[in-house]
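Student: Structure provided below as structure tokens; questions to follow.
The values are calculated or read from the model by the stated rules, or taken from the named source; none is laboratory data. Just so we're clear, the structure is a prediction, and the values are computed from it rather than from any experiment. Here Cβ is always computed from backbone atoms with ideal geometry, including for glycine, and neighbour counts include all displayed protein chains. We work out accessible area using only protein heavy atoms, side chains counted, and drop any ligands, DNA or RNA first. Shrake-Rupley method; radii C 1.70, N 1.55, O 1.52, S 1.80 Å.
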Amino acid sequence: MSGKVFFKNRYSKLGWAFEETGQRQAIRINRTRVKDNDLPERMKKAGVTLEKIPFLENGYWVKGSTVSAGATAEYLLGLYSIQEAAAQIPATLFSDIKGKVILDACAAPGGKTVQLADLMDNDGAIIALDISKERIAALANHLERCRVSNTVVYRRDARTASDLHLQFDCILLDAPCSGNFASDSDWFRRRTLKDIERNAALQRAILAEVVTCVADDGEIVYSTCSLEPEENEMNMDWAIKHLNLEIEDTECKGEGGITKVFGRDLDASVEKCKRIWPGETQGFFVCKLRRRRRQ
Amino acid sequence: MKLIAEFAKRVNASTFSFSDEFVLEEGGRYFLLNSPLSRYVQKGFFYAGIYLGKFKDGQFFPSFNLLSMLAKSGARSVTVDKKAAWLFVCSRDIFAKSIVTVHGSAKKGDTVLVLNQLGECLGFGRATLSMGSRAEPNQIAVKNLSDIGDFLRRER
């Protein structure tokens, strides 16, 4: 069960008419590094024209460039990060994170970690985990480049997060996922339903672990860049039924989560999730969960 | 901590200081933590707080965070024009004609920070002539020892 026709058919059953799409490059200004709103003008002089992304506070499309946006002095000084537009959404969904203790469970290469630190004004603490040796080095470089100062990084499988014996106010779980065709031109050839089911099981295992580390009433933002409901709505349906979590409303770009998946009815609250089909951004899914008080 | 103080002295950062109780060393790499963050640092951490630099092969390599802190503490530095700033980031040396201003005195052989015209630290180098002495415009004045282009080169 794989191939473009198979997946297009699935998307059709989920209510989306498949369309080929590319990916627009986007950046996010690091506000702790750029106090004035002069970066777009400065970037223009450096050869990169920016256009504000309407649904993001600090996000800009790269409208045109005579140089690589990933190789300007401004980039190397950490004034901005290159971060896909939809991927800029999850970190903004926490209610209030200044001064809080946050777990970034699958953090590398660090785009969202840096964004969290920026939103926190480098106050409070972020504990960032990732299992990959190569990716964790990229995460450290990203933190250093953007002058992040409130983060501790551990090379660790998120499924062992409770071994740190810490309790978190908020958890960002940008889960390892199957990705989507908009950001991977070879996606349809490489992916099978079996991969998706395996990733969905891994995501549930990570979620079940990190939920033991969140404080009562604490928030968990779960996200993937997968379009597959097994990794998204179906996992959230499972989470609220098994992990003492509830889904919160989120105000952000995207359609409501799908509550009827291939003939199966999910909990009505799954509609509060947000699903973004590929178009002006890559495909994305995000859900804000709250830990119910322990009895 | 001694290594960091020695480097600060090398660039004559007279007002530079921080409490060494919050400097952590892990595998030859040095990190500066604030008090609240230090509560979350456990054995085997990979990165924490502000990375200050590493000691390797008998030499201390300052981080760009540390260089920026030193620049704000009155370290010896040269400010270079826009074109030279970009070339410096691409590993090139600084010509005498590209230096706009010199902060502090710099003799041949001294370590100097290199700043762009917005005061942002781009790295550091070694003065190959005494600043203020007569020099040919195209004579190399600062030899590049480290620049922020390293962030790209590391990931290759």
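Student: Open to solvent by 70 Å² or more (accessible area, probe 1.4 Å) and within 14 Å of chain A (Cβ to nearest Cβ): does that describe B:Leu145? It would help to see each step written out before you state the result.
Tutor: Details: open to solvent by 70 Å² or more (accessible area, probe 1.4 Å): yes; within 14 Å of chain A (Cβ to nearest Cβ): no.
No: the conditions fail for B:Leu145.
Student: How many residues are polar (S, T, N, Q) and open to solvent by 10 Å² or more (accessible area, probe 1.4 Å) when one looks only at the range A:211-239? Break it down into steps so the answer makes sense when it comes.
Tutor: Applying the first criterion (polar (S, T, N, Q)) to the range A:211-239 yields A:212, A:223-224, A:226, A:232, A:235.
Next cut, open to solvent by 10 Å² or more (accessible area, probe 1.4 Å) only: A:212.
So the count comes out to 1.
Student: Also, I was wondering about something else. Any residue in the range A:180-206 that's in contact (Cβ under 8 Å) with a residue 24 or more places away in the chain: show its pairings with residues that are surrounded by fewer than 15 Cβ atoms within 10 Å (Cβ to Cβ) at Cβ separation under 7 Å, as long as the two are six or more apart or on different chains.
Tutor: Pairs found: A:Phe188/A:Gly3; A:Phe188/A:Lys4; A:Thr192/A:Met1; A:Leu193/A:Met1.
Student: Can I ask one more? B:Ser68 fails exactly one of the following numbered conditions: (1) within 30 Å of A:Asp104 (Cβ to Cβ); (2) outside any strand (DSSP E or B); (3) more than 10 Å from chain A (Cβ to nearest Cβ); (4) small (Gly, Ala, Ser). What is the number of that condition?
Tutor: Of everything listed in (1) within 30 Å of A:Asp104 (Cβ to Cβ); (2) outside any strand (DSSP E or B); (3) more than 10 Å from chain A (Cβ to nearest Cβ); (4) small (Gly, Ala, Ser), B:Ser68 misses just condition (3).
Student: Take the range A:138-186 and flag every residue that is open to solvent by 30 Å² or more (accessible area, probe 1.4 Å), assigned to a helix (DSSP H, G or I) and closer than 15 Å to B:Gly44 by Cα.
Tutor: Result: A:Thr160, A:Asp163.
Student: Looking for something of a type in the set (Gly, Ala, Ser) and at pLDDT 95 or above - is there at least one such residue anywhere in the range B:30-46?
Tutor: no
Student: Without any contact (Cβ under 8 Å) to a residue 24 or more places away in the chain, within 19 Å of A:Phe18 (Cα to Cα) and in contact with a strand residue (DSSP E or B) (Cβ under 8 Å, 6 or more places away or on another chain): is that true of A:Gly283 in this structure? Break it down into steps so the answer makes sense when it comes.
Tutor: Values: without any contact (Cβ under 8 Å) to a residue 24 or more places away in the chain: no; within 19 Å of A:Phe18 (Cα to Cα): yes; in contact with a strand residue (DSSP E or B) (Cβ under 8 Å, 6 or more places away or on another chain): yes.
Considered against the rule, which asks whether it is without any contact (Cβ under 8 Å) to a residue 24 or more places away in the chain, within 19 Å of A:Phe18 (Cα to Cα) and in contact with a strand residue (DSSP E or B) (Cβ under 8 Å, 6 or more places away or on another chain), A:Gly283 comes out as no.
Student: I would also like to ask the following. Out of all the residues in the range A:82-137, which are among the charged types (D, E, K, R) and either in contact (Cβ under 8 Å) with a residue 24 or more places away in the chain or buried (at least 24 other Cβ atoms within 10 Å of the Cβ) (or both)? So that I can check it myself, show each step before the final result.
Tutor: Filtering the range A:82-137 down to residues among the charged types (D, E, K, R) leaves A:84, A:96, A:98, A:100, A:104, A:112, A:118, A:121, A:123, A:130, A:133-135.
Residues satisfying the conditions are A:Glu84, A:Lys98, A:Lys100, A:Asp104, A:Lys112, A:Asp118, A:Asp121, A:Asp123, A:Asp130, A:Arg135.
Student: Another one. Does any residue in the range A:256-275 that is in the same structural domain as A:Arg10 (by TED's automatic domain parsing) come within less than 7 Å, Cβ to Cβ, of a residue that is of a type in the set (Ser, Thr, Tyr) and surrounded by 13 or more Cβ atoms within 10 Å (Cβ to Cβ) six or more places away or on a different chain, and which pairs are these?
Tutor: A:Asp265/A:Thr259; A:Leu266/A:Thr259; A:Ala268/A:Thr259; A:Val270/A:Thr259; A:Glu271/A:Thr259; A:Lys272/A:Thr250; A:Lys274/A:Thr250
Student: Given the condition surrounded by fewer than 23 Cβ atoms within 10 Å (Cβ to Cβ) and at the interface with another protein chain (Cβ under 10 Å from one of its Cβ atoms), answer yes or no: does some residue in the range B:8-20 qualify? Give the steps one after another, and end with the answer.
Tutor: Our first condition is that a residue be surrounded by fewer than 23 Cβ atoms within 10 Å (Cβ to Cβ); within the range B:8-20, this holds for B:8-10, B:12, B:14-20.
Applying the additional criterion that residues be at the interface with another protein chain (Cβ under 10 Å from one of its Cβ atoms) yields none.
Looking for residues that are surrounded by fewer than 23 Cβ atoms within 10 Å (Cβ to Cβ) and at the interface with another protein chain (Cβ under 10 Å from one of its Cβ atoms), one finds none in the range B:8-20, hence no.
Student: So, one more: Scan the range B:73-90 for residues that are within 12 Å of chain A (Cβ to nearest Cβ) and either of a type in the set (Val, Ile, Thr) or outside any helix (DSSP H, G or I) (or both) and jot them down. Walk me through it before giving the result.
Tutor: At the first step, the residues of the range B:73-90 found to be within 12 Å of chain A (Cβ to nearest Cβ) are B:80, B:82-90.
Those that are within 12 Å of chain A (Cβ to nearest Cβ) and either of a type in the set (Val, Ile, Thr) or outside any helix (DSSP H, G or I) (or both): B:Val80, B:Val89, B:Cys90.
Student: Go through the residues of the range B:39-58 one by one and say whether even a single one is part of a strand (DSSP E or B), without any contact (Cβ under 8 Å) to a residue 24 or more places away in the chain and more than 13 Å from chain A (Cβ to nearest Cβ). Steps first, please.
Tutor: The initial filter retains those residues of the range B:39-58 that are part of a strand (DSSP E or B), namely B:45-48, B:50-56.
In the following step, the residues that additionally are without any contact (Cβ under 8 Å) to a residue 24 or more places away in the chain were identified as B:45-47, B:50-51.
Cutting the leftovers down to more than 13 Å from chain A (Cβ to nearest Cβ) gives us none.
Looking through the range B:39-58, none of the residues is part of a strand (DSSP E or B), without any contact (Cβ under 8 Å) to a residue 24 or more places away in the chain and more than 13 Å from chain A (Cβ to nearest Cβ).
Student: Suppose we filter the range B:75-119 for residues that are open to solvent by 40 Å² or more (accessible area, probe 1.4 Å) and either farther than 19 Å from B:Arg153 by Cβ or aliphatic (A, V, I, L, M) (or both); how many remain? Working first, answer last.
Tutor: Taking the range B:75-119 first, the residues open to solvent by 40 Å² or more (accessible area, probe 1.4 Å) are B:81-83, B:86-87, B:90-93, B:95, B:97, B:100-105, B:107-109, B:117-119.
Next cut, either farther than 19 Å from B:Arg153 by Cβ or aliphatic (A, V, I, L, M) (or both) only: B:81-83, B:87, B:95, B:97, B:100-105, B:107-109, B:117-119.
Residues meeting the conditions: 18.
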